[in-house]
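To keep things clear, I will list the structure first and then write my remarks on it.
The values are calculated or read from the model by the stated rules, or taken from the named source; none is laboratory data. What you see is a predicted model, and the numbers here were worked out from it, not measured in a lab. Glycine also receives a Cβ, built like all others from the backbone with ideal geometry; neighbour counts cover every protein chain displayed. Side chains are part of the model used for accessible areas, which takes the heavy atoms of the whole protein and leaves out ligands, DNA and RNA. Shrake-Rupley method; radii C 1.70, N 1.55, O 1.52, S 1.80 Å.
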Amino acid sequence: MNKLVRSRLFWPLMALIMLLIFNALFTKNFFSIQIIEGHLYGNVIDILKNVAPLALLAMGMTLVIATGGIDISVGSVVAISGAIACSIIDGRIGNFNNSLIAALTLALISGLLCGVWNGLLVAKVKIQPVVATLILMTAGRGIAQLITKGKIVTINSAPKVNEYYFIGAGYLFGIPFAVFIVLIVLVFILFFVKKTAFGLFLESLGTNNRSSHLAGIRVDKLKLITYVISGFMAALAGILISSNIKGADCNNAGLFIELDAILAVAIGGNSLNGGRFSITSSVVGTLVIQCLTTTVYALGVPPQIISLVKAIVIIAICLFQSNQFREAVFGRLMVSKKSKDLSAKKGAQIS
Amino acid sequence: MTTKPLLTMRNICKGFPGVKALSDVDFTLRAGEIHSLLGENGAGKSTLIKVLTGVEKLDSGQIELNGQEIRTKSPKHSQELGISTVYQEVNLCANLSVAENIFIGREPKKNGMIDWKAINTRTKNLLKKLNINIDVTQTLGNYSVAIQQMVAIARALDVEAKVLILDEPTSSLDTAECEKLFGVMKQLRNEGMGIIFVTHFLDQVYAVSDRITILRNGELVGEFLAEKLPKIELIGKMIGKDYDTLSKTIKSSQNDKEAEKEIFLRADKASSIGNIKEFSLDIKKSEVLGLAGLLGSGRSETARVMFGADKVSSGEIVIKGEKVVLRNPLDAIKEGIAYCPEDRKTDAILGNLSIRENIIVALQAKYGLFKFIGRKEQEEIADRYIKLLDIKTPGREQLIKNLSGGNQQKVILARWLATNPDLLILDEPTRGIDIGTKAEIQKLVVKFADEGMAVVFISSEMDEMLRCCSRMAVFSEKEKLGELEGDEISEQEIMKMIAGGK
């Protein structure tokens, strides 16, 4: 039990479970799943399907934040990637014969390039991450507009539209295809983090840049890699989002999604100062956000105050993760043994 | 000297999970005395100070200030009671002006606005009392660490302190700066203040203290008058063992045929612009080479050049007969070089990571991203070095920041030993470390050399250098002046060289 509470995963998971319990009690048919034409439908399935882009972004964002950085350009990269993919599918740019493969490949490459750009600015030019990625955040939507020549691209009549639509909105074995994409990427990333030294190096350089450099870690290279991964994730998310609506809207695709991604990382209990991180916790964080959104809609909360309700719940979640807060509100009884140990250890530096 | 007790602490007990940090400790401070609080790392000095200043709550015991029982709730509270503390690391804001630093949080106001004129003149007067004349509107960061330290003391004094605690105030000061600080301390003592002085430098203890209290393993060893306690006895009481083991010279046998020692690294007319002027240096296997010089003389810079942390601007580095270009520390690590940097806190430890991770990180960096050391192997490596270097910790998963300075240093040493280096560069490896651990590290250094490793040793403490090094390169003003070998090495010779070099 103690070990469970100690885990970074504990509080985000608790938040998710509480939300689900709340829904079980107060939202009608929240957990009901219907099978229509061999596909599963229902609120839970919706959450899983809709969370996919955000989950991808949050994975990349976790890595960037682990280095002590931040990537606020992901929303714009979403727009760029969607614009490229849809324009190619629709045959508006280049000479790719409406090829699906070309659309996906070039969209993903655009994400990688955006990541390289961000990474170089941060790691080599040494611009502060917020400022460095702010450049692409503002310029990115303009680039996307250039690609679509300022129009909203709809691909309803393109030859490969159904195949493209399948990526974001299709079903495989009755489960949304996007869920498979997220799971595959998650497995890859977790493998990379846990079975190579990547995780250790990130936590090391997020904890202390200078020490890590002098211990032989290629700090710049690793930082660059995290931004490239984040860019790639954003491009993939961009494909999912544009596929889901069969079109690319440069002004609105992925608007403010970078904030949700950062929030998910925070809900996942990861410090925005860098250092220790958990990818899985961030993904659970995205589920919390998505579940909350669905809940608020399902409850019929008036649209004007939806963001207020969300904000209150999220503040509560973040407060609950704080040992000091729990201690202050519930007294010493409620405080997990872990936090007592921790605060004691802080003082245990006896010399 | 008056004998009126200003502050008394009785039967102080404080425990942390698994550790009894203080048991039944008494401490008495009289007005108008400088009282040194001594003990090895982990003896409980810091804990006692923390309990007194309200950083930690005490489990049991009594504290009386001026005959009234007090219980400090927070550092702020203790300050209000008249107990001011100056910590080891200057905890001021380098980007604010000197005056702002002194009045931050309690700015005098006039008509609801901050009264800058009052701030500046009061600061000036305050510093004048300490014999310091500086422009108080300048940014604090522009001044030397010594001045910063004085400013910290000035701030502590302005809050009408009766008790002043100086927690290792001298670790970043040079001799002249220390003298200045001691002058101020004596002046304050004569004005009737009680000063608690925590330090690792025993000479300094005798330079200023009236009384000495020694702690060991959280227990009180005793309170002594400084003039009646010889240094050797003092050390014996601190570590609880014979001084004999420490005083012996541990230098490896001199009559190893020096000429036959194999050269591992040769710096050939190397220089690094802004860091170190052109120098040539041979580093031989099985030898402890000392880089002597004052702070900022270029000794650390030389080490950094050899580790690839600073770029070589001219000349070359030759390792085992082959010319190499060290673009970054990783290149140097791959060539078998290891480097324990001078500033442990900012350049060496990974505070939020475990001891295990801190130990394996350099080895993993040497292996690269994909040749991952499995968890089990990591644990074996960590346990091996915890045992080998006698690192005192509840376990390998303990965060390094929770260890005492000496044990942190051992972890960093373990990090480099794990990479199995041919050349080990140690920059101030014993700074801020208690005598027992110091002696252990010195012995290890000599042992590594005896086993065939090339060791480069840098220290501000001449005693230590004289005991460990069989050859010394002397630096001054970013320039190598020359070398001393064997019997030539003595404090006088080194001083002469540095003095003559200018």
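General remarks:
- Test: residue in region B:370-383 that is within 19 Å of residue B:441 (Cβ to Cβ), basic (Lys, Arg), open to solvent by 10 Å² or more (accessible area, probe 1.4 Å) and not assigned by TED's automatic domain parsing to the domain that holds residue B:301: no
- Helices (runs of 4 or more DSSP H) enclosed by region A:190-287 - at least 1 residues per element that are more than 16 Å from residue A:71 (Cβ to Cβ) and open to solvent by 40 Å² or more (accessible area, probe 1.4 Å): A:209-214, A:219-244
- Members of region B:402-438 that are more than 15 Å from the chain's Cα centre (by Cα) and either assigned to a helix (DSSP H, G or I) or polar (S, T, N, Q) (or both): B:402, B:411, B:413, B:414, B:415, B:416, B:417, B:419, B:420
- If you go through region B:377-397 and keep only what is assigned to a helix (DSSP H, G or I) and within 11 Å of chain A (Cβ to nearest Cβ), you end up with just B:378.
- Meets criteria (under 19 Å from residue A:182 (Cα atoms) and not acidic (Asp, Glu)) for residue A:305: no
- Each residue in region B:337-365 was checked for being more than 7 Å from chain A (Cβ to nearest Cβ) and in a helix (DSSP H, G or I), and 8 pass.
- Qualifying residue in region A:169-192 (condition: within 14 Å of chain B (Cβ to nearest Cβ) and without any contact (Cβ under 8 Å) to a residue 12 or more places away in the chain): yes
- Residues considered: B:405, B:368, B:374. Of these, the only one that is within 8 Å of chain A (Cβ to nearest Cβ) and either at negative phi or basic (Lys, Arg) (or both) is B:405.
- Checking residue B:169 against (1) within 14 Å of chain A (Cβ to nearest Cβ); (2) not in a helix (DSSP H, G or I); (3) not β-branched (Val, Ile, Thr), the condition it does not meet: (1)
- Among the residues of region B:418-446, the ones that are open to solvent by 40 Å² or more (accessible area, probe 1.4 Å) and modelled with pLDDT of 90 or more come to 2 in all.
- Scanning region B:302-336 for residues that are within 14 Å of chain A (Cβ to nearest Cβ) and either in a loop (DSSP other than H, G, I, E, B) or touching an Asp or Glu at 6+ places or on another chain (Cβ under 9 Å) (or both) yields B:303, B:304, B:307, B:308, B:309, B:310, B:311, B:326, B:327, B:328, B:335, B:336.
- Among the residues of region B:68-118, those that are more than 11 Å from residue B:52 (Cα to Cα), small (Gly, Ala, Ser) and under 29 Å from the mean Cα position of the chain (by Cα) comprise B:82, B:94, B:97, B:99.
- Listed by position, the strands (runs of 3 or more DSSP E) enclosed by region B:1-118 that each have at least 2 residues that are away from every other protein chain (no Cβ under 14 Å) and open to solvent by less than 30 Å² (accessible area, probe 1.4 Å) are B:5-16, B:19-30, B:33-38, B:60-65, B:83-86.
- For residue A:163, the stated conditions hold: it is charged (D, E, K, R), more than 30 Å from residue A:218 (Cα to Cα), touching a helix residue (DSSP H, G or I) at 6+ places or on another chain (Cβ under 9 Å) and part of a helix (DSSP H, G or I).
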